[in-house]
Amino acid sequence: MATVTYYPNPNVESTSVDGYAFRSYGVGLGVAWGTLVAADGTSSNDNSTTLYFFSMKSDTTSNQWRDMYRSIILFDTSAFDEADTITSAVLSVKGEAKADELATTPDLNIYSSNPASNTAVAAGDLDTLGSTAFSSAIAYSSLSTTAYNDFTLNASGLAAIDTAGISKFGTRNANRDVANSSPTWGSNQESYFYGASADTASTTSDPKLVITYTAAGAAGVPSSTLLFVGT
Amino acid sequence: MALTDYKFWFIRRDDDGFITEAAVRFYEGDYDADGKYVRSKLLGKIDLKHLDKKFVKDSAGVDTKSYTQADFGSIKTDDELCTFLNSELAKDTKREPIKEQKWLL
């Protein structure tokens, strides 16, 4: 099968950004878990070489929480020939580090995103990520910090590919953030997973979307068009 | 001298895995005080006169350099494509490739 691999823009963006947004409360000013999950963002970054795929942090006050991070990853898929048929797609992100001080075995999955701009990530984009899983979550123990983590998109994920424009995805922790299920609190503890953005210097670690497709007219030659020569 | 590098927009492969087309963006930048390479400008047609004139427009209408097998031959791997693109970077007499993109196979 033929494939086409798309990458987000690094800064300076033209069409499709990658970056992260987060909510952070000060020490001693934390909130209940559900409030943190639903909160607007307070900051963002779209020119760091790092993408925080998820991060969550507890406050020093019992059962209060301070930080929530999610990433936003866009691809300009407008060059895809709309006459071709997508058969599968894999979104991959390269990991660099992880920690689980909260002992909550946080997993990672892909979701929709809808940032205000296609070329910048703003704090307010934090709560634009969806909650419909676009793939099977990768368990914490399987999250690689040295290689790509591959998410094969399901039907919902495939439907999010915009062959006429920008395909918008994001990453969230599934079992605590999306599930709105509080980890067991411990004072000032953090669980996170981060990796490489498109702003790295090389081309070997950028987020990527590999679409496998059947080219229009490639499914076979109709028998009516076959030409027989000779006797 | 300013520094330069490239990033992929897309890489297309045929049924046999051969790369048939690559759309590439070239940038100008410099290392910051922390040693991080920071891109400051997306190079356009006017900045890339040392390359041939084959471009495709992205969804924002920005010209993006396009390469096909007529340029890089029959190759399958990203490394082979990068080797070709590193040689393209080296054609720029006004900018120097970043160290990560100076290697050739």
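The values are calculated or read from the model by the stated rules, or taken from the named source; none is laboratory data. On a predicted model such as this, the values are computed, not experimentally measured, just so you know. FYI the Cβ positions are ideal-geometry reconstructions off the backbone, even for glycines, and counts take in every protein chain you see.
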Would you point out which residue out of A:LYS98, A:LYS94 is touching a residue at least 60 places away in the same chain (Cβ under 8 Å), within 14 Å of chain B (Cβ to nearest Cβ) and not polar (S, T, N, Q)? A:LYS94
Can you tell me which residues in region A:32-44 are closer than 22 Å to A:ASP125 by Cβ and surrounded by fewer than 17 Cβ atoms within 10 Å (Cβ to Cβ)? A:GLY34, A:THR35, A:ALA38, A:ASP40, A:THR42, A:SER43
Subset of region A:165-203 (residues that are farther than 15 Å from A:LEU108 by Cβ, basic (Lys, Arg) and more than 14 Å from every other protein chain (Cβ to nearest Cβ)): none
Being buried (at least 24 other Cβ atoms within 10 Å of the Cβ), within 14 Å of chain B (Cβ to nearest Cβ) and among the small types (Gly, Ala, Ser) narrows it down to one of A:SER71, A:SER58, A:SER78, A:SER16, so name that one. A:SER16
Here's a check for you: in region B:1-26, which residue that is of a type in the set (Phe, Trp, Tyr) and within 7 Å of chain A (Cβ to nearest Cβ) is nearest to B:LYS94 (Cα to Cα)? B:PHE8
One residue from A:SER202, A:SER191, A:SER167, A:SER187 being in contact with a Pro (Cβ under 7 Å, 6 or more places away or on another chain) and hydroxyl-bearing (Ser, Thr, Tyr): A:SER191
Which members of region B:60-105 meet the condition of being more than 11 Å from the chain's Cα centre (by Cα) and among the polar types (S, T, N, Q)? B:THR68, B:GLN69, B:SER74, B:THR77, B:THR93
Tell me the strands (runs of 3 or more DSSP E) entirely within chain B that contain at least 3 residues that are polar (S, T, N, Q). B:63-68
Of the residues A:THR184, A:THR171, which single one is at pLDDT 95 or above, surrounded by fewer than 20 Cβ atoms within 10 Å (Cβ to Cβ) and of a type in the set (Val, Ile, Thr)? A:THR184
Considering each of B:GLY35, B:GLY17 in turn, give the residue that is touching a Lys or Arg at 6+ places or on another chain (Cβ under 7 Å) and on the phi > 0 side of the Ramachandran plot. B:GLY17
With respect to B:THR93, is the statement that it is more than 14 Å from every other protein chain (Cβ to nearest Cβ) and exposed (fewer than 12 other Cβ atoms within 10 Å of the Cβ) true? yes
Being part of a strand (DSSP E or B) and not charged (D, E, K, R) is the filter here, so list the residues in region A:1-31 that pass it. A:ALA2, A:THR3, A:VAL4, A:THR5, A:TYR6, A:GLY19, A:TYR20, A:ALA21, A:PHE22, A:SER24, A:VAL31
I'd like to check something: does region A:142-149 contain any residue that is free of Cβ contacts under 8 Å to residues at least 12 places away in the same chain, over 16 Å from the mean Cα position of the chain (by Cα) and farther than 30 Å from B:LEU85 by Cα? yes
Unique match (being over 18 Å from A:SER113 (Cα atoms) and among the β-branched types (Val, Ile, Thr)) among A:THR42, A:THR15, A:THR50: A:THR50
Say whether the condition of being of a type in the set (A, V, I, L, M) and loosely packed, with under 13 Cβ neighbours inside 10 Å is met by at least one residue in region B:6-25. no
Mind checking which residues of region B:1-42 are over 18 Å from A:ILE211 (Cα atoms), out of contact with any Gly (no Cβ under 9 Å at 6 or more places or on another chain) and among the charged types (D, E, K, R)? B:LYS7, B:ARG25, B:GLU28, B:ASP30, B:ASP32, B:ASP34, B:LYS36
